[in-house]
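Enquirer: Can you read through this structure? Questions will come right after.
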Amino acid sequence: MPSSNDAETPATPPDAPRADDAAPADAAAAEIAELKDKLLRALAEGENMRRRFQKERDDTSKYAIANFARAMLAVADNLRRALDAAGPELAAAGDGAKTLVEGLALTEREMLTNLERFGIVRIDPVGQRFSHDRHEAMFEVPTADVAPGTVVQVLEVGYMIHDRLLRPARVGVAKAPPGSAEPSAKLDTTV
């Protein structure tokens, strides 16, 4: 038998939202949004780590031979010095000397070709503008023949490995002669 209280309260349909259900629904929606944000951040972090590891792997494969290449540059320099010291007189002196000079030249050419095959290229900056990123200024030469700041002499050629400097070129740089009519350009040779 129905009580008298049942008659006073109106009946609510079973599928109608109740007031006490709204709070858990809002909390569930907030938790879903928070979890979705965490998931997106974790996915982005994973992608960033993958890219970072890929770049490190690529750099390692490109530049792993840098220390070996630096050691081989001394050999290339010594071959060049031997050829410069031999000069054309020794090559013309006799068959044995000529063969020795030709052998040194072929060895140097083969070494430079093999270095280039691994991404190591020679920097010979004579006549170029001095760049502290690629050159090391050893001295200045007062001259009016070229613009101040131009490389006029190379003591030791430089080398690049792919897009990085392996060894700077050691150079002499032109400066305006004392008492010149044009104002001397001050060259910044600091790194």
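The values are calculated or read from the model by the stated rules, or taken from the named source; none is laboratory data. The model shown is predicted, which means the values in this text are computed figures rather than measured ones. Using ideal geometry, Cβ is built from the backbone for each residue, glycine included, and neighbour counts are taken over all protein chains shown.
Enquirer: Go through the stretch 17-74 and give me each residue that's polar (S, T, N, Q) and more than 30 Å from residue 108 (Cβ to Cβ).
Expert: 48, 54 - these are the residues of the stretch 17-74 that are polar (S, T, N, Q) and more than 30 Å from residue 108 (Cβ to Cβ).
Enquirer: Next question, about the same structure. Of the residues 44, 30, 86, 22, only one is part of a helix (DSSP H, G or I) and either loosely packed, with under 10 Cβ neighbours inside 10 Å or under 33 Å from the mean Cα position of the chain (by Cα) (or both); which?
Expert: 44
Enquirer: Considering only residues that are under 24 Å from residue 64 (Cα atoms) and of a type in the set (Lys, Arg), which ones fall in the stretch 117-173?
Expert: Hits for the stretch 117-173 are 117, 122, 134, 164, 167.
Enquirer: Six or more apart or on different chains, Cβ under 8 Å: which pairs go from a residue in the stretch 84-105 that's closer than 22 Å to residue 154 by Cβ to one that's β-branched (Val, Ile, Thr)? Could you list them?
Expert: 86/101
Enquirer: Taking into account only those residues within the stretch 97-134 that are over 17 Å from residue 164 (Cα atoms) and among the hydroxyl-bearing types (Ser, Thr, Tyr), which is farthest from the chain's Cα centre (by Cα)?
Expert: That would be 99.
Enquirer: Pairs only if they're at least six apart or on different chains, beta carbon under 7 angstrom, first in the stretch 56-71 and among the basic types (Lys, Arg), second surrounded by 14 or more Cβ atoms within 10 Å (Cβ to Cβ); list them, first residue then second.
Expert: Going by the 7 Å Cβ cut-off, the qualifying pairs are 62/119; 70/166; 70/167.
Enquirer: In this structure, does residue 37 turn out to be surrounded by 10 or more Cβ atoms within 10 Å (Cβ to Cβ) and modelled with pLDDT of 90 or more?
Expert: Yes: the conditions hold for residue 37.
Enquirer: Only one of (1) at pLDDT 85 or above; (2) small (Gly, Ala, Ser); (3) over 30 Å from residue 160 (Cβ atoms) fails for residue 76. Which number is that?
Expert: Just one mismatch for residue 76, condition (3).
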